[in-house]
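The values are calculated or read from the model by the stated rules, or taken from the named source; none is laboratory data. Being a predicted model, the structure only gives us computed values, none of them experimental. Quick reminder, even Gly has a Cβ in these numbers, built from the backbone with ideal geometry, and neighbours come from all protein chains shown. Quick note on the areas: whole protein, heavy atoms, side chains included, nothing else; ligands and nucleic acids left out. Shrake-Rupley method; radii C 1.70, N 1.55, O 1.52, S 1.80 Å.
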Amino acid sequence: MKGNKANLTEHSHTEHSDVNHNSDEKGRVEANCSENSGFEQNSIEKNSIEKNSIEKNSIEKNSIAPSSSEANASALYEVELVDAIDKVSADSWNALMHDNNPFNRYEFLAALESSKSVCRETGWTPLHIVIRGRANETEAVIAVMPMYIKAHSYGEYVFDWAWADAYERHQLAYYPKLVSSIPFTPVTGMRLGMPADLPSEIQQTLWQLVGQTLNRCLTEYGFSGWHCLFLPKTQCDDFSRQANMQRLGTQFHWFNRDYSDFQAFLSALTSRKRKDINKERQKVQRVNLSFEFVEGADVTAELWQIFSACYQQTYAKRSGHYGYLNLAFFQTLGESMSESIVLLLVRDLNEQIIASALYFKSATHLFGRYWGALTEIDGLHFEACYYQGIEYCIANGLKVFDAGAQGEHKVPRGFEPIETYSNHEIAHSEFRLAIQSFTLQEADNIKTYMQQLKSKLPYKNRD
């Protein structure tokens, strides 16, 4: 495997519940740890990342040799770790990430890197996986996976804080770790991009190469583990064939059942829930606000500045910092992928913009990602981030509305629980046993939780 030198180290639109030390999760992991004796400090030393031949915080080119079991695959494919997405062409990346997901696009990931929202200083050091075929002299890129060296667990939304706490209590280093995800974006999408028409046996070979590459990074560089987040179930199952751990999660999505308008959607609800939503929307209507969706191509530099100010003020009020993303990131997206963006503007009686929400869209989905307000108005968040999004989906024929991570408060507003998936591997054998036990218990609990919430959905005449 070759690799360029790489440093080591949102709505409910804004994803404020990023740090979520769930007490039940923490307790179960701790209990599992105590059941598995022998957490010896020498098995993974606290500073093992420096002790495993990573000098000057870098992965050197050709530093990881393929194992003998990979000899045949190595004759056909070359695995490379790259420290920036611009080491791959935009056309190649987008052709392989063909799942109609705006966040998997080269332009989105490149904007994160160019704006320095993602970099070593923010705890997200790019280390993308690129697989090239050796079938011809050009060594064309045949698969890609976004990946980062993480110095913390912020911005991931598959919570492993309890795992990190358990490591710390045993004086072991949980960070750095490897994470394949879209930073700050809890949206399901392809994690290994490859041609759609590849035979299944070749696809499985590529998954094996990725798994072997990640596992060698753990053994040779001392990362505590790797984590592949928000995969489609098919990819999660493909990856799980290599005996890594699956983890189940849940989110809440709204589904457009060919409603003609918002009133048709309300008509599908029980009388009480319909009245609750009307009452909630009427609170905002009494303030005499206006709402306007602006397509990405029409968002001006001034509007981006206003949106960024709303986003930063809301983040600062709730989280004590100005958010993960900066104005340069938003402006770059406006230039590079405007067709995937729609910006909601909320104006008061004086025509002043007092709030804004940034949505992304695909051919079938609307994604609520970031929002902010310059003034607090009761009910405005639900209006701007949920009801306006539902109306946009109905008006534009979009089938699914993903309004962000977590939030069972979405259920009485018509959002339904869906499953999310992730894959994990942990280097420390006994911690791995404890975490695997936890994830199995967690999956059972989540299934029960989802069934309970499905029984509380506001729809009438639904099984």
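Of note:
- The Kirkwood hydrodynamic radius of the range 157-280, based on inverse pair distances between different Cα atoms, is 18.2 Å.
- Here the range 386-463 has an Rg and Dmax of 17.1, 53 Å, counting Cα atoms alone.
- Vicinal HN-Hα couplings computed from phi for the range 186-195 (Karplus, 6.51 cos²θ - 1.76 cosθ + 1.60; Hz; Gly/Pro x): x, 10, 5, x, 3, 10, 10, x, 7, x
- Sites listed here are GluC sites (Glu not before Pro) in the range 70-167 whose DSSP assignment is loop and whose Cβ has at most 11 other Cβ atoms within 10 Å: GLU137.
- Protein-only accessible surface at a 1.4 angstrom probe places the residues PHE262, PHE438 in the order PHE262, PHE438, largest first.
- Debye equation applied to the C-alpha atoms of the range 297-381, log10 I(q)/I(0) at 0.11, 0.14, 0.24, 0.27 Å⁻¹: -0.29, -0.47, -1.26, -1.44
- When only the Cβ of Lys, Arg, Asp and Glu is charged (+1, +1, -1, -1), the dipole of the range 337-395 relative to its Cα centre reaches about 260 debye.
- Simple label model, 7 Å out from Cα along Cβ direction - GLN305 to ARG286, nm: 3.6
- Where only C-alpha atoms are counted, convex hull volume of the range 363-422 per residue in Å³: 114
- Distances between placed amide hydrogens fall under 5 Å for GLY249 paired with THR420, TYR421, all partners being 5 or more residues away or on another chain.
- For the range 201-247, the spread of Cα coordinates along the three principal axes comes to 29, 24, 15 Å, biggest extent given first.
- Rh (Kirkwood; distinct C-alpha pairs) - the range 224-280, Å: 15.2
- Spacing of the two label points (7 Å from each Cα toward its C-beta) at ASN350 and GLN171, in nm: 6.1
- Point-charge dipole on Cβ atoms (K/R +1, D/E -1) for the range 251-296, about Cα centre, debye to 20: 460
- For the range 337-438, size of Cβ-based charge dipole, Lys and Arg +1, Asp and Glu -1, in debye: 220
- Kirkwood Rh, Cα atoms: Rg over Rh of the range 269-333: 1.13
- Each 5 Å bin from 0 upward holds the following percent of the Cα-Cα pairs of the range 90-173: 3, 12, 16, 19, 17, 12, 9, 7, 3, 1, 0.
- Among the trypsin sites (Lys or Arg not before Pro) within the range 240-312, those in coil by DSSP and having at most 15 neighbouring Cβ atoms inside 10 Å are ARG241, ARG257, ARG286.
- Backbone phi angles across the range 389-405, fed through the Karplus curve with coefficients 6.51, -1.76 and 1.60 (θ = phi - 60°), yield HN-Hα couplings of x, 4, 4, 5, 4, 5, 5, 10, x, 7, 8, 9, 10, 9, 9, x, 6 Hz in residue order; Gly and Pro are listed as x.
- For the range 126-210, the equivalent ellipsoid built from the Cα gyration tensor has semi-axes of 32, 14, 12 Å, listed from largest to smallest.
- Modelled spin-label separation between LYS116 and ASN278, with each label point placed 7 Å from Cα along the Cα-to-Cβ direction: 5.3 nm.
- With all projection directions averaged, the alpha carbon convex hull of the range 320-463 covers 13.3 nm².
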